[in-house]
1. Looking only at the range 143-152, decide whether some residue is in contact with a Leu (Cβ under 9 Å, 6 or more places away or on another chain), modelled with pLDDT of 90 or more and not in a loop (DSSP other than H, G, I, E, B).
2. Restricting attention to the range 157-171, report how many residues are buried (at least 19 other Cβ atoms within 10 Å of the Cβ) and under 19 Å from Thr215 (Cα atoms).
3. What's the number of the condition Ala176 fails, among (1) under 15 Å from the mean Cα position of the chain (by Cα); (2) buried (at least 20 other Cβ atoms within 10 Å of the Cβ); (3) in contact (Cβ under 8 Å) with a residue 24 or more places away in the chain?
4. Among what's in the range 103-144 and is among the hydroxyl-bearing types (Ser, Thr, Tyr) and within 21 Å of the chain's Cα centre (by Cα), pick the residue that is nearest to Pro38 (Cα to Cα).
5. Just to be sure I understand the filter: pairs with C-beta atoms under 6 Å, separated by 6 or more residues or on different chains, first member in the range 215-241 and farther than 14 Å from Phe157 by Cα, second member assigned to a loop (DSSP other than H, G, I, E, B) and among the aliphatic types (A, V, I, L, M). Which pairs pass?
Amino acid sequence: MKRFSGWMALCLGALIGGSAMAGTVTGTAGYRERIALPPGAVLEVQLLDVSRMDVAATVLSSRRYAMGAVPQAFELAYDDALIDPAMSYSVSARILMGDKLLFTTDTHNPVLTRDAGDSVDLMLVKAAPTGLDGRDWALREIAGVPVEGPGMPGISFEAGGRYFGRGGCNSFQGEAEIGPGRISFPDNMGMTMMACSQEAEALDRRFVEALAQVTGYVLEADALSLTDASGSTVLRFVSQP
């Protein structure tokens, strides 16, 4: 009898565990230019929650493919429990060669809700240099207030959106989403946890909190302004020689 009861419990557990509904978004990703990709190029596709315009999009599903063809077919699985019919979802993609961004989507590609389907064909555009990478940007102002205090706070970028920052004491890094005139910093950045003075910790906190508000950038010669959704400057930097 105990053996039978145990078997029933296992079956019930399997039924409950398998009750979660999984959905799939399918599509293709290509580009118009008649150029061949270098060997090793990779397609990265993401399903995003873009319901809130004032914060970085939330990644619900992500997958990478070796670019074996153009266009390249893709498939993204997601948890149905994460999808709210009242919210908005989009698919983005980019083609990378190592850390170098070659092609990227530059438009909203809706799926799943608001009369959008579960399949989308993406047309990527050639990535243009942003002018941000390869330079060391020293922080000068936060919300219009000059930065004074310990350390040498600043930020630098690599191709593909990878960034490395430093505050009054701690350093941080992550991958920003960058397009023509727009930039956002997802909240899953990595940060050191060194013992700092209260002044240094306060500067670290202000710097990171300001990055979370950023949605765009303005580049003028050796000055870089990171702006919020209203166009106001949140952080101002100057390029170090």
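The values are calculated or read from the model by the stated rules, or taken from the named source; none is laboratory data. Keep in mind the model is a prediction, meaning the values are calculated, not measured. No Cβ is skipped: glycine too gets one built from the backbone with ideal geometry, and neighbour counts run over all protein chains shown. Heavy atoms of the whole protein, side chains included, go into the accessibility calculation; ligands, DNA and RNA do not. Shrake-Rupley method; radii C 1.70, N 1.55, O 1.52, S 1.80 Å.
1. Within the range 143-152, none of the residues are in contact with a Leu (Cβ under 9 Å, 6 or more places away or on another chain), modelled with pLDDT of 90 or more and not in a loop (DSSP other than H, G, I, E, B).
2. 6
3. Every condition holds for Ala176 apart from (3).
4. Thr104
5. If the second residue must be assigned to a loop (DSSP other than H, G, I, E, B) and among the aliphatic types (A, V, I, L, M), the pairs left are Thr215/Ala229; Val234/Val214.
Conditions (1) modelled with pLDDT under 85; (2) open to solvent by less than 40 Å² (accessible area, probe 1.4 Å); (3) within 16 Å of Val91 (Cα to Cα), marked per residue:
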| residue | (1), (2), (3) |
| --- | --- |
| Ser5 | yes, no, no |
| Ala14 | yes, no, no |
| Thr24 | no, no, yes |
| Gly30 | no, yes, yes |
| Val42 | no, yes, no |
| Arg64 | no, no, yes |
| Met67 | no, yes, no |
